[in-house]
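The values are calculated or read from the model by the stated rules, or taken from the named source; none is laboratory data. Quantities reported herein were computed from a predicted structural model and do not represent experimental measurements. Note: ideal-geometry Cβ built from the backbone for every residue, glycine included; neighbour counts use all protein chains shown.
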Amino acid sequence: MSAGGGLWRDALRRLAGNRAALASAAVLALMCTAAAVGPLLLDYRQEQIDWDHMAVAPLAVEGHWFGTDRLGRDLLVRTLHGLRVSMSIALLATLVSLVLGVSWGAVAGYLRGRTDALMMRVVDVLYALPQVFFVIILTVVLGRSPATLLAAISAFGWLTMARIVRGQALALREREFVDAAIVGGAGSARIVARHIVPNLLGPVIVFATLTVPQVILVESFLSFLGIGIQEPLASLGNLIADGAAEMETAPWMLAVPAGCLVLLVFCFNFLGDSLRDALDPRDH
Amino acid sequence: MYHTSGFAEAASFFVPGYAAVVSMLGYVARRILGAIPTLAVIVTLAFLMTRLAPGGPFDEEQALPPEIRANLESAYGLDQPMTVQFGRYVGGLLHGDFGPSFKFRDFTVSELIASGLPVSLIIGAAAVALALLLGIPAGIWAALAQDRLADRAVMTLAVVGISVPVFVVAPFLALVFGIYLHWLPVAGWAPGRPSDLVLPVVTLALPVVAYLARLTRGSMLEVLRAPWIRAARARGLPRYRVLLWHALPGALLPVVSYLGPTAAAVLTGSLVVETIFGLPGMGRHLVQGALNRDYTLVMGMVIVYATLMIALNLIADLVYAWLDPRIRQERRR
């Protein structure tokens, strides 16, 4: 356990030395907080229409800092709500992928043999499917609700995680501490849960950090096309679609949610890469 | 003499001998056979998902009188047992018949595919070609200028290009070049008017350019450190020759292996690009089908897209195996 603590302490120290990574983390924390509490602090509600100020530019009117859309809805509030929806789906889908992928991969890698071959065959088959297109089929068939979207994205999100974890588990099970646990009388379930899984947290965390922006992009992509999150609910994707439709006369409607999305994805990607470097300094 | 030997090395790299051709044929056969079960799974899953889900294609409009509904269902064969429906569907697929569209009553899905596929293929192929033409030189340039300004600039641009999704790039480019500058049409499609294709192709290509530039830079830097490069330099070969004939072929291997994911990215991106720029391609039909809950249309489009992706992946893998014999010798993965 002390070695594990050392690894994490070292990783944290390396991460703390990386100013750009810290900045990304700070921006992400800020955006999360804004999405969580921001809508409560602002004067306008998501669907509230300000009849006197339709499609006003940012900073043109007191109170509408980021302007309003064609219906007079405050763009800042809607963007924060969209951020909230997009982030919730991304975090939940990542969590589902994490739990499914880690348990699937760890069990397959630990048990080896025929069970492993069968379990990974399932992963291989699903992996060969063009995922975005099957997510589209699922949203067509199950209807376009946030829950469907979450389920459809999670259905494919866990595959890579399972592969990564299985590889790690295969290597870990050969280590002495697993022998020691077996000698100590621990059963397979206990060994997987207490010895294998904690030791593969490093790559799992890195991959999870990199999964979040992927999910955000898929969700926004579908919402942009109109087959994801539906009005009146806002998501970054459908806000960008609205903005694209109005860009000729109200370019800020495109710029605000698009900037928000790009910043979000960029920060997550950057943080994920930095985490990987911090946990595995051998490459550098 | 040294000059010709440099060329011969490069040539032997690209033109395999007799034994290589034989082992290559075995590999091709194995890979093509391996792709068939995947296709079968895709067709089966797509069929099962659409048929087993609660709700049918005629649920959405206002409730239909039961007789009309029954008529509709029997017209589309939906009253038959599932196995019969599946048999009919697969039988149709083998003859290139994807069934009728539920919502575009005047068209079959096959007609929609036939009208959309060429458009999608043209912009997709043009985007990949553009990406290769821009991305690889940019990567080489960045590698040669390692850690200098040009390198930093190219890599920063690449990170931006990777982080900005297609559905943000597309409206942005349309706004700047279409609306503000009036250089190019914002949307539309007239056969024989290539200016319509510029924005869609550039939009699709940009993320691939960014990724290819990063990839080429990385592998180029690695290859340039290799001993045979030092040897080639020590022989006094001109710099461009070392670069193009000794370093580049090896450095391009990772690029080749990225061609599969590239195809996937371009095909997925074409949904957005065709929707935004109003191109009558497959992507727009798929999105329309998804919005209308047109089951047969969505299924048909997904099957075509999936087949395209598998085929392009296969081609990329085959090119890779042709260039790298180690891959061919690997019996089975």
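In the list B:Leu199, B:Leu204, B:Leu212, which residue meets the criterion of being within 19 Å of A:Leu217 (Cα to Cα) and at pLDDT 85 or above?
B:Leu204
Somewhere in segment B:114-127, is a residue part of a loop (DSSP other than H, G, I, E, B) and surrounded by 14 or more Cβ atoms within 10 Å (Cβ to Cβ)?
No: segment B:114-127 contains no residue that is part of a loop (DSSP other than H, G, I, E, B) and surrounded by 14 or more Cβ atoms within 10 Å (Cβ to Cβ).
For segment B:90-123, which residues satisfy the criterion of being acidic (Asp, Glu) and touching a residue at least 12 places away in the same chain (Cβ under 8 Å)?
B:Asp97, the sole residue that qualifies.
For A:Leu279, work out the one condition from (1) more than 16 Å from A:Asp74 (Cα to Cα); (2) of a type in the set (A, V, I, L, M); (3) at the interface with chain B (Cβ under 10 Å from one of its Cβ atoms); (4) surrounded by fewer than 23 Cβ atoms within 10 Å (Cβ to Cβ) it doesn't fulfil.
(3)
Considering only segment B:247-267, state which residues are touching a residue at least 40 places away in the same chain (Cβ under 8 Å) and within 12 Å of chain A (Cβ to nearest Cβ).
Passing the criteria: B:Gly260, B:Ala263, B:Ala264, B:Ala265, B:Leu267.
Say whether the condition of being modelled with pLDDT of 80 or more and either facing chain A (nearest Cβ under 10 Å) or surrounded by 14 or more Cβ atoms within 10 Å (Cβ to Cβ) (or both) is met by at least one residue in segment B:72-87.
Within segment B:72-87, one or more residues are modelled with pLDDT of 80 or more and either facing chain A (nearest Cβ under 10 Å) or surrounded by 14 or more Cβ atoms within 10 Å (Cβ to Cβ) (or both).
Which number in (1) crowded, with 18+ Cβ neighbours inside 10 Å; (2) not in a helix (DSSP H, G or I) marks the one condition that A:Ala93 misses?
Every condition holds for A:Ala93 apart from (2).
Based on what the data block shows, is B:Ser101 within 18 Å of B:Ile276 (Cα to Cα), of a type in the set (Ser, Thr, Tyr) and crowded, with 17+ Cβ neighbours inside 10 Å?
no
Against the conditions (1) under 29 Å from B:Gly178 (Cβ atoms); (2) in a loop (DSSP other than H, G, I, E, B), where does A:Ser220 fall short? Just the number, please.
(2)
When you check A:Cys260 against the structure, is it in a helix (DSSP H, G or I), crowded, with 22+ Cβ neighbours inside 10 Å and within 10 Å of another protein chain (Cβ to nearest Cβ), yes or no?
No: the conditions fail for A:Cys260.
Taking only pairs six or more apart or across chains, which ones have beta-carbon atoms under 8 Å, a first residue in segment B:166-182 that is more than 9 Å from every other protein chain (Cβ to nearest Cβ), and a second residue that is polar (S, T, N, Q) and crowded, with 19+ Cβ neighbours inside 10 Å?
Matching pairs, first to second residue: B:Val169/B:Thr203; B:Leu173/B:Thr203.
Looking at the structure I just gave you, is B:Leu279 crowded, with 23+ Cβ neighbours inside 10 Å, closer than 27 Å to B:Pro200 by Cβ and more than 11 Å from every other protein chain (Cβ to nearest Cβ)?
So B:Leu279 fits the description; yes.
Hey, which of the helices (runs of 4 or more DSSP H) in segment B:257-333, taking only ones fully inside, have at least 2 residues that are closer than 30 Å to B:Gln85 by Cβ?
Those helices (runs of 4 or more DSSP H) span B:259-277, B:282-292, B:295-323.
Which residues, counting only those in segment B:285-305, are more than 9 Å from chain A (Cβ to nearest Cβ) and crowded, with 24+ Cβ neighbours inside 10 Å?
Within segment B:285-305, B:His285, B:Leu297, B:Gly300 qualify.
Could you list, in sequence order, the residues of segment B:242-259 that are more than 21 Å from B:Met155 (Cα to Cα) and surrounded by fewer than 17 Cβ atoms within 10 Å (Cβ to Cβ)?
B:Leu244, B:Pro249
Can you name every residue in segment A:68-123 that is polar (S, T, N, Q) and over 23 Å from A:Arg45 (Cα atoms)?
Within segment A:68-123, A:Thr94, A:Ser97, A:Ser103, A:Thr115 meet the criteria.
Can you tell me which of (1) surrounded by 23 or more Cβ atoms within 10 Å (Cβ to Cβ); (2) acidic (Asp, Glu); (3) without any contact (Cβ under 8 Å) to a residue 60 or more places away in the chain is the one B:Glu222 doesn't meet?
So the condition that B:Glu222 fails would be (1).
Here is a check on your reading of the model: is B:Ile229 out of contact with any Asp or Glu (no Cβ under 6 Å at 6 or more places or on another chain) and closer than 20 Å to B:Ile122 by Cβ?
No.
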